[in-house]
Each structure stands twice: as structure tokens, then as C-alpha cells.
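Asks: Okay, here's the structure, questions in a sec.
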Amino acid sequence: MHIGSRTSGFIAPDLLGVHRGHEGYLRVWEAILDAWDDLRLEHEEVIDFGGQLLAGGRFRGHGTFSGISLDEPLFSVFTLRRGLVIRQDDFVERDEALEAAGLSE
């Protein structure tokens, strides 16, 4: 999983970067779920490009301690091999996600 600087401000700075394997993936999600009380991802589109998948939607929720409201776009590009996700890159802009996947509209 790659969490880049182009990802929205709802990601803590210590989570930016590359996280490998099941442990890394779980560590990221545990930290995110701890920080956001009622976090939910509302998918608005999913496009299958064969070896890649674009999932776009919005992250919504409230901060666990601050109560701050979250409503941010998220576009994830999943790279697949033999039906398994081997890479995930997240973006706040759809065009950036398509470009990262080597695709354009």
C-alpha cells in the first residue's frame, strides 16, 4: 500500500509512505480506524481495467477525540495479479489516479 503526499489531510504524517505485506496493511487501517470514530467509505464508482481497478468515492466520519468532521474524496488504484491485490495507491484527484494507472479519459 502506498500512501502518498497527494492523499488528503485525513492521513497522519507518520502513515505516509510505503507499507508492505498484510502486517503493514493492517497497521495502516488500525491507525486510521482509531483516529476516526465512525469512518465509512462510500464508493461512487468502480472501474475494472483488467490488471487494475479504480475505486472512487468519499471518506466520511468524525475524529475520535476532536469530533472534527471528515468528508474527503478518495480514489484508489489497485493493481491485481492472479485475482489478488498486490499494490494500492491512493489519491484525492480522479485524474491523478487515472494517470498513475497509465490511463486517461
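The values are calculated or read from the model by the stated rules, or taken from the named source; none is laboratory data. Everything numeric in this text was worked out from a predicted model, so none of it was measured. Neighbour counts run over all protein chains shown; Cβ positions are idealised from the backbone, glycine included. With ligands, DNA and RNA removed, areas are computed over all heavy atoms of the protein, side chains included. Shrake-Rupley method; radii C 1.70, N 1.55, O 1.52, S 1.80 Å.
Asks: Would segment 30-37 turn up any residue that is assigned to a strand (DSSP E or B) and either modelled with pLDDT under 90 or within 22 Å of Arg20 (Cα to Cα) (or both)?
Replies: Yes, segment 30-37 contains at least one residue that is assigned to a strand (DSSP E or B) and either modelled with pLDDT under 90 or within 22 Å of Arg20 (Cα to Cα) (or both).
Asks: Considering only segment 85-101, how many residues are within 23 Å of Arg20 (Cα to Cα) and free of Cβ contacts under 8 Å to residues at least 40 places away in the same chain?
Replies: Total meeting the criteria: 4.
Asks: Please go through segment 53-70 and pick out each residue that is closer than 16 Å to Arg94 by Cβ and open to solvent by 40 Å² or more (accessible area, probe 1.4 Å). Walk me through how you get there before you give the answer.
Replies: Of all residues in segment 53-70, those closer than 16 Å to Arg94 by Cβ come to 53-59.
Once the filter is applied, which keeps residues that are closer than 16 Å to Arg94 by Cβ and open to solvent by 40 Å² or more (accessible area, probe 1.4 Å), segment 53-70 yields Leu53, Arg58.
Asks: Considering only segment 9-28, how many residues are within 20 Å of Gly61 (Cβ to Cβ), modelled with pLDDT under 80, surrounded by fewer than 14 Cβ atoms within 10 Å (Cβ to Cβ) and not acidic (Asp, Glu)?
Replies: Summing the residues that are within 20 Å of Gly61 (Cβ to Cβ), modelled with pLDDT under 80, surrounded by fewer than 14 Cβ atoms within 10 Å (Cβ to Cβ) and not acidic (Asp, Glu) in segment 9-28 gives 4.
Asks: A follow-up question, please. Can you work out which of the residues in segment 71-84 that are surrounded by 13 or more Cβ atoms within 10 Å (Cβ to Cβ) and touching a residue at least 24 places away in the same chain (Cβ under 8 Å) is farthest from Glu96 (Cα to Cα)?
Replies: Leu80
Asks: While we're here: Can you pull out every residue in segment 85-98 that is open to solvent by 50 Å² or more (accessible area, probe 1.4 Å) and of a type in the set (A, V, I, L, M, F, W, C)?
Replies: Val85, Ile86
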